[in-house]
Each structure stands twice: as structure tokens, then as C-alpha cells.
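Taking it in order: structure first as C-alpha cells, then the write-up.
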Amino acid sequence: MFAHEFIRNALLAGTPIAVASGAIGYFVVLRSQVFAADALSHVAFTGALAAAAAGIDLRVGLFAATIFVAALLAALGGRARVDDVTIGVVFVWVLGLGVLFLDIFSRGSHGGNGIVASRTLFGSIFGLGPRQAWLAAAIGVAVIAALLLIARPLLFATVDPQMAAARGVRVTLLGFLFLVLLGIDAAEATQAVGALLLLGLIAAPAGAAHKLTARPYFGLALSSLFAVASVWLGIVAAYVIPSLPPSTAILGVASSIYAAAFVIPLVSRQSPQAPWSTTSWSETS
Amino acid sequence: MSFSGLHQMLAYPFMVHALAAGAIVAVMASITGWFMVLRRETFAGHTLSAMSFPGASAALLAGVPLAAGYFGFCALGALLIAAGSRTAGRRNPSQESAVIGAVQAAALALGFLFLSLYGGVLVDLESLLFGSFLGITADQVWTLAAITVGVLAFFAIAGRPLLYTSVDELAASARGVRVRVLQVAFLVVLGLAVAATAQITGVLLVFALLVAPAAGAQQLTARIPLSIALSVLFALAIVWIGLTLAYFGNYSVGFYVSTLAFALYVVCRGGRKLLPA
């Protein structure tokens, strides 16, 4: 199986993307920002279609759109986190723009708009070329490095924003940087698992890690590990079963891990819930 | 567009059906959405509307009526979200958002699997996601009306306690309101309402009508009856203007409706600053 170049490319691109998505997802869940991640993933769809309509490289549209909307969401939120109603409204409009670009694109001279839409929505990790794979890997590593750099203050700013601000942590700036990183990760993961499905790679491994441990760095590592396991097992499963699309296989593994994380605490009886994750501190901020 | 142009538009039966269906959807979505916005369950609402994709593709694959797939998946999604989003009996925001996200992604992945097993084409997917108001029949208008009556009946019965738990969950449960039952019931009704409308008008349009009019109205007033009435009014205006623009313009109705919805929300947010406090 590893003799095939497309498998090697998929693993090369998929592993850093998974590590980055798992780690970012840990913070996304901790900050209750999964809806923002969802919106950004749909923005990726609009960005790709805008690029297709304009006839430029899809990746330009992907990154420009997700980073722009991430900055917009951070700005709308100001010092607090953006509330989900604002996200919902922005995101309806972004999808509406996606429809507009789809209209413009399918009216142009380009054929096969269904294929672009399908690849953007559902991804095609087996369709990555070697250069795309290396680029994806490089961006994934850069995102991981940036996240590790801000992990400590971000954790502080997330768990207790008032205290962090009092201690001189730049809470607003960190929130902004984090959303931009999330945007970059969303644009990157869109190419592997697609705009509709990348949310699973962000939410499911992180949700499982939060269920299983309250220790932040352990949870961060666990979340990345689950995401990598999802991508690897998903790729193997999709290779073995040809009718199974790789994106579905990856998401299937991720969802199973999450479901298992619900069952394990019930079986082992003692509750590993974090003391601070059961309280509603994120509502009071 | 002139008056004679409008007159001519109303001479087409499909446009009359579309305007009627749009009005019914607007009433149902704006009232359901009003509670959704109040309860901060926008993400759940979006996820339930995404459920119609696996629902439709499962129904195609299994050869059962589309409606069965839609209702089945939407109800299943509502139950999963309600089951997973509580820790120790209380709503837990970070766990809730993770559960919703995972349910949504898993459902969409299943939908993609069903679609590729079916070997279907993506043209259907686009009209499913983004809606096509053309070709709505008189029968479908009546079906929508019946579902809307059901949804409104739910709010007539459960509206007051639901309002109570939405505003102050602890006080409501102390007063004996069945908070948990209401949460599950509301999510299921939300899912069913979305499922019913999505198969006729498209997922995007329903979601635009769920969130924007209610969010705009709640910016403008804190008085409940006025706020609900405003939200219905906004939704009606968005749908009718959007459909008219789509009839005369070049692009899909989804684009016009979502742009109008966004503009309305921006205006309401700006308008709040001008109102006396």
C-alpha cells in the first residue's frame, strides 16, 4: 500500500494537518468556539468558489477568505468572544455569497463546476500531488509551531480571562491570533477532508480528549493523537475498501473515538471530568 | 422592474406557489428561530438543518420516500445533541459545542458516503443545499401549511414554560418546570421544522430565516410579543423581496435571501444605538 505515491502524499499532508487540527480543536472546544470553526469551514467553501469564479488558484481564495473572516469574527467579538447569533448571521451571508460565486462560475466557460464544488465540500486527500502535499505539510508544521508558542498564555486567557488580563496577558490579541490560526488550519484541512467535514477533525478528537482528561497539556497531546489516528486509520480503511470515500472513513474513525470517550467513563465508574469544565465559566465571561 | 412586471410575475403559478410557500416558511422559521436565538442554540439549529443532507441521501440509497429520511435524521440528530450536551444534569457549553460539531461532521460524512454509494450527481446536492424555489406544487404548499400549524400548536402549548427555562433555567426548574423535557422537545421541533422546510426551500434559506429576523428583532426590543411580531414581519419581507429579486435578477434565491438577511441584521444592530435606552 505504501508503494503508491498517492498514499504517501496523503500521509505526508494528512499527518501535520491532523496534529494541527487536533491541537487547535482542543482550544476550540475549551473556548466553546466550535460554531466559529464551523463558520470558518464554510467560509473556505465560499473562498474556493470565489477563486474558481475569478479563475485563480483555489488556495489563494481559501486562505484569503478564511483569514479575513477569522479577523472579522475576532473584531466583532472585541474583548468578549463573538456570540453565536452574530456568527450565524455572518455565516448565512457567506454561504449566500458562495451560491453567488457558484452561479457566476457555472455560467462562465469553465466546465465541471460540480467537481470543484464536490472537491471543496468533501475534500480529496488521495488527489493531492507531491508539491501540494509538501506545502500542506509545511503549513501544518507552521501552525503547530505558532500554537505551541502561544499555548501557555492562551490557556490562561481561556480559563480565566479577567485574571489573565490583570496579570498583563493580551487577551484580545490572543483571541485574534487564535482565530486566525484556526482560519489557516481550516483552509488547509479543506484540501484534505473538505469544507463540510473538517469540523469533525476539529471537534471530535478534542471533545474526546476533554471527556477523558482534565490535564491541559496531556489533553492537547491526546487530542492530536486521536486526530492523527483518525487520519491514518481512515486512509487505510479507504484504501482497503474502495467504495468508502477517504473523508468519510477519517470522520468515521474520529466519531467512533468520540463515542467511545462517552462510554469509557461510564464503564470505569470514576468521573474524569475537569472540575472547571463542568462549571459554566465560559458563560460568565 | 415596473408594476406591469410585478403583475406578470404573479400570473405565473410557480411564482404564486413560491410566494405562498415562502410566507409559510417565514412564519414558522421566524417563530422557531426566535426561541432558538433566545436559547443560544444557533449552532444546534444549523446542525439540524445540515441533517437533511444525510437524510436525503440515505432515502435515495434505501429507496424510501425522501421525507422519511429527512425526518428520521433530523429527529435522531436532535436526540443525540440533547443526550450528549449535558454533564451532571446541566448544560455544559464547551461539551455541548463539541457534541454538536461532531454530530454534524459525522452526519455530513455519512451523507457523503451514501451519495457516493448511490453514485448520484451533485446537481441534486446543490439544489438541496441552496434551494430552488421553482417547481413548488400546490400540494407542497398545503403540506407546509399543515406542518406549520403543528409547530405553532407546540409553541402555543409549551411557549410559556419554554420561555421561562430559556431565560432562567435554574429558577424554572426550581418552580417545577420540566427543563430537560422541554429542551429535548424544542430541539426535536426545531429539527422537524427544519426538515419539513428544507426539502422544499433548501437548507440555506431555512437557516437564514431562522437566525437573522429573530436576531434583528431581539436587538430592537425587549418586549416579547413585539419582538416576535417584528421577527415574523422581517422574515416575510426578506422572503418576498428575495423571491422578487430572484425572479427579476440573475442569481439564485439563496444569495438574495441571505444577503437581505445579513443587511437586516446589520441595520438592526446599528439601529439599536440610535434608539433611546
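The values are calculated or read from the model by the stated rules, or taken from the named source; none is laboratory data. Predicted model only: the values in this text are computed from it and were never measured. Reconstructed Cβ throughout: ideal geometry from the backbone, glycine too, with neighbour counts over all protein chains shown. Heavy atoms of the whole protein, side chains included, go into the accessibility calculation; ligands, DNA and RNA do not. Shrake-Rupley method; radii C 1.70, N 1.55, O 1.52, S 1.80 Å.
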*asked:* Looking only at region B:14-43, count every residue that is more than 14 Å from every other protein chain (Cβ to nearest Cβ), farther than 20 Å from B:Phe154 by Cα and in contact (Cβ under 8 Å) with a residue 12 or more places away in the chain and tell me the total.
replied: 8
*Quickly run through region A:4-22 and pick out the residues that are open to solvent by 10 Å² or more (accessible area, probe 1.4 Å), closer than 18 Å to A:Leu225 by Cβ and out of contact with any Phe, Trp or Tyr (no Cβ under 8 Å at 6 or more places or on another chain).*
A:Pro16, A:Val19
*Among all residue pairs at least 6 apart or on different chains, which show Cβ distances below 8 Å where the first residue, located in region A:155-182, is of a type in the set (Asp, Glu) and the second is outside any loop (DSSP other than H, G, I, E, B) and open to solvent by 20 Å² or more (accessible area, probe 1.4 Å)?*
A:Asp160/A:Trp281
_The lone exception for B:Val211 - which of (1) within 13 Å of chain A (Cβ to nearest Cβ); (2) in contact with a strand residue (DSSP E or B) (Cβ under 9 Å, 6 or more places away or on another chain) it fails_ = (2)
*Hey, among the residues in region A:258-270 that are surrounded by fewer than 24 Cβ atoms within 10 Å (Cβ to Cβ) and within 13 Å of another protein chain (Cβ to nearest Cβ), which one's modelled with the lowest pLDDT?*
A:Leu266
*asked:* Whether any residue in region B:185-207 is in contact with a Phe, Trp or Tyr (Cβ under 9 Å, 6 or more places away or on another chain), within 10 Å of chain A (Cβ to nearest Cβ) and surrounded by fewer than 18 Cβ atoms within 10 Å (Cβ to Cβ) is what I want to check.
replied: no
*When region B:255-269 is examined, which residues are found to be over 14 Å from B:Ala235 (Cα atoms) and facing another protein chain (nearest Cβ under 9 Å)?*
B:Phe255, B:Val266, B:Arg269
_Extreme residue, modelled with the highest pLDDT, among residues of region A:209-244 that are open to solvent by 60 Å² or more (accessible area, probe 1.4 Å), farther than 21 Å from A:Phe2 by Cβ and hydroxyl-bearing (Ser, Thr, Tyr)_ = A:Tyr217
*asked:* Could you go through region B:262-276 and let me know if any residue there is aliphatic (A, V, I, L, M) and modelled with pLDDT under 80.
replied: yes
_Given (1) within 12 Å of chain B (Cβ to nearest Cβ); (2) aliphatic (A, V, I, L, M); (3) surrounded by fewer than 24 Cβ atoms within 10 Å (Cβ to Cβ), index of the condition A:Val193 fails_ = (3)
*Criterion (at pLDDT 80 or above and either acidic (Asp, Glu) or in a helix (DSSP H, G or I) (or both)) met by exactly one of A:Ile115, A:Ile139*: A:Ile139
